[in-house]
Structure formats: C-alpha cells, structure tokens
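Inspection log for the structure reproduced underneath, given as structure tokens.
The values are calculated or read from the model by the stated rules, or taken from the named source; none is laboratory data. These figures come from a predicted structure and were not determined experimentally. Glycine gets a Cβ as well: all are built from the backbone with ideal geometry, and neighbour counts include every protein chain shown.
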Amino acid sequence: MSEYLVNRLRSRMKKREPIASITAYDYFSARLAAEADLDFVLVGDSLGNVIHGADSTIAVELSDVVYHTRIVVRHFPAERVVLDMPLGGYLASSTELVKAAVEAFKQSGAGAVKFEGAGRVQLEAAEQLSSLGVPVMGHIGLQPQRVFSQGGFKRQGLREEDAARLRSEARALEAAGACSIVLELVQPDLAGEISDELSIPTIGIGSGELCDGQILVIHDVLGLLPGDAPGFARQYAQLYGAALQAVRRYAADVRESADPPQVQGSQPGAAPGAADLHTAALLADLAAQEAPGDA
Ligand code: KIV
C-alpha cells in the first residue's frame with residue numbers, strides 16, 4: 001500500500017522516531033534506500049557535484065533532475081521521492097516557479113518538490129503548490145545554489161540577526177504549507193530550537209542531532225568518490241578505493257593474460273549473474289543487427 005511522504009514524516013515525528021534519508025540519483029542508490037527502508041529520498045541538485053563532478057550545483061538543469069527522478073521512482077516508493085528544483089530563471093517569480101514545479105512533479109512522478117530559500121517567491125510558491133496538492137519541502141541555512149552570495153560553504157546562524165532570520169524563515173515556510181524543512185549547516189543549538197518551535201519535521205544536514213531527521217548525500221555515506229567528504233558527513237564505507245583496486249586488477253588481467261578474463265557465472269552450469277544477463281542482451285542485440293534480411 002502507498003505510504004505518502006506527509007503521512008510517513010508526520011507519523012515518525014509523532015512517535016519521536018528520527019527520520020532517515022539519503023540522496024538518490026539512479027537504480028543503485030534508490031535500491032539501497034528502498035532495501036534499507038529509508039523514510040524518503042531526495043533527488044538532489046547535488047547531482048551536479050557527485051554525478052557531473054562539478055564544483056557546485058549551479059549548472060544543473062531542471063531536465064537533469066527530472067531525468068534522474070524518473071529513474072529513482074521506479075526503484076523507491078515514488079510517493080516518498082522528493083525532487084529538488086535546481087537554480088533556474090523560474091525562481092524570479094512565484095508564478096513561474098509554480099509552473100516549473102508542477103510540470104516537473106507531473107513529468108517525473110515524484111511525491112514532493114523541494115526548493116532552496118524562503119523569500120517572497122518561495123513562500124508564495126509554497127502556498128500555491130500546497131493548495132494545488134503538491135507537497136513542498138523547504139530548505140534554509142546554507143543554500144548551495146547561493147554559495148557565491150553566501151560567501152562559501154559556511155555554518156549559518158552564528159550571528160544573532162542571522163539566527164533570528166532563520167527562525168522567521170522556518171516559521172514562514174511552515175505557515176506557507178511546507179510539509180518539512182531541510183536545515184543545512186545550521187548552528188546545532190539553533191537547529192534544535194527551530195525544530196522544537198515547528199510542528200513540521202526538520203531534516204538536518206550538518207546541523208546536529210536535534211533535528212527531527214537527517215539526510216546525507218549517498219556518495220558521502222559510501223565514500224564513493226575520491227577525496228574527502230565534507231567534515232560533517234559521517235562515512236560508513238570507503239568504496240572508491242575498493243572500486244579502483246577492482247578496476248586496476250581487471251585492467252591487469254586484460255593486459256597481462258593471454259585469455260580475456262572470464263565473467264564469473266558464465267562457466268557452464270553456473271547461474272547467470274547481472275553481468276551475464278547484460279552480456280546476453282548485448283549479444284542478442286548484435287545478432288539481431290547482423291541477421292540478414294530481418295525487418
Ligand atoms: O541537493 C541536495 O542533495 C540537497 C541535500 C544535501 C539536502 O539539497
């Protein structure tokens with residue numbers, strides 16, 4: 001049975017059970033999140049960093065996010081997939097933002113949309129989208145789309161006036177109908193206070209333990225990329241090193257042995273693995289292309 005995002009978040013919050021989430025962009029990450037029974041996944045514009053390998057999320061297009069979301073909804077309950085609206089000209093007006101968000105929501109099959117900021121445009125859009133039945137997740141604190149104007153990846157809410165602004169942004173998003181708010185790199189005590197003040201759940205990233213839930217970028221959790229993850233992100237595996245070793249061993253096998261490496265499971269009598277099925281599909285395609293006279 002479908003479990004909608006708003007119900008799942010509300011029920012977790014009511015029972016004081018922390019909400020656990022990661023970002024997902026493809027079959028691999030969506031499948032992991034589904035098997036680990038995470039509460040929701042975010043198809044974040046962080047795909048600019050971890051899929052495109054860029055330094056920021058700024059160049060990500062809405063069509064990129066829609067493309068990845070359409071994959072993710074096939075492998076994780078679609079009602080609990082959140083589509084992240086990247087930086088775009090539509091953010092100049094609430095009407096344009098609503099139109100773009102509704103279109104992306106419809107095309108992707110996601111269960112909610114998220115956007116950064118709590119200015120007039122975002123608040124009006126949150127209100128209209130909520131009244132149209134599109135759940136909205138807010139995002140305040142560090143806003144990677146504004147990294148140039150915010151002056152880098154810095155902790156937010158350290159000065160009193162910034163803390164007061166974050167508090168009022170959170171309240172305004174809740175009043176506009178947001179179903180939840182991401183607090184990114186917010187000073188942890190402040191994040192706790194905001195979480196206590198609101199009746200909707202806060203999802204922290206680098207904002208301490210007092211939020212109602214946590215989200216991390218899957219590549220940081222798994223150590224899927226070379227280099228260090230952000231300091232706040234706890235790494236639970238170091239898979240890049242293991243993958244590099246495997247690819248180096250494979251290359252050495254190809255280059256140094258007379259026989260090409262055999263795919264495990266392709267020996268007679270063995271059950272086919274994913275690699276065999278992929279190879280079989282390729283061979284079938286080739287055979288179809290080479291078959292003389294076939295229409
Ligand atoms: O784009 C993203 O992945 C995000 C999360 C890190 C909150 O916005």
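Of everything in the stretch 22-51, what is in a loop (DSSP other than H, G, I, E, B), exposed (fewer than 14 other Cβ atoms within 10 Å of the Cβ) and not hydrophobic (A, V, I, L, M, F, W, C)? Give them in sequence order. Hit for the stretch 22-51 is ASP37, nothing else.
Residue selection: PHE153 fails the criterion of being assigned to a helix (DSSP H, G or I) and hydrophobic (A, V, I, L, M, F, W, C). Pairs, please: C-beta under 7 Å, at least 6 apart or cross-chain, first residue over 23 Å from PRO226 (Cα atoms) and in the stretch 45-68, second more than 11 Å from the ligand (Cβ to nearest atom) and part of a loop (DSSP other than H, G, I, E, B)? From the stretch 45-68, the pairs are LEU62/GLY88.
The numbered conditions (1) at pLDDT 95 or above; (2) within 22 Å of GLU184 (Cβ to Cβ); (3) surrounded by fewer than 24 Cβ atoms within 10 Å (Cβ to Cβ); (4) away from the ligand (no atom under 12 Å from the Cβ) are all true for ASN7 except (2).
Anything in the stretch 1-21 that is of a type outside the set (S, T, N, Q), under 14 Å from PRO77 (Cβ atoms) and not in a loop (DSSP other than H, G, I, E, B)? List them, or say none. Give the steps one after another, and end with the answer.
In the first step, residues of the stretch 1-21 are kept if they are of a type outside the set (S, T, N, Q); the result is 1, 3-6, 8-10, 12-20.
Still in the running and under 14 Å from PRO77 (Cβ atoms): 1, 3-6, 8-9.
Selection gives LEU5, VAL6, ARG8, LEU9.
Set side by side, the residues THR57, THR69 differ, and just one is within 15 Å of the ligand (Cβ to nearest atom), over 20 Å from ILE140 (Cβ atoms) and of a type in the set (S, T, N, Q), which is THR69. For ASP37, the criteria (1) away from the ligand (no atom under 16 Å from the Cβ); (2) under 20 Å from VAL136 (Cβ atoms) hold in every case but one, which is (2).
Taking the condition under 26 Å from ALA176 (Cα atoms) and among the aliphatic types (A, V, I, L, M), does LEU42 pass? Please lay out each step first, then the result.
Working: under 26 Å from ALA176 (Cα atoms): yes; among the aliphatic types (A, V, I, L, M): yes.
So LEU42 fits the description; yes.
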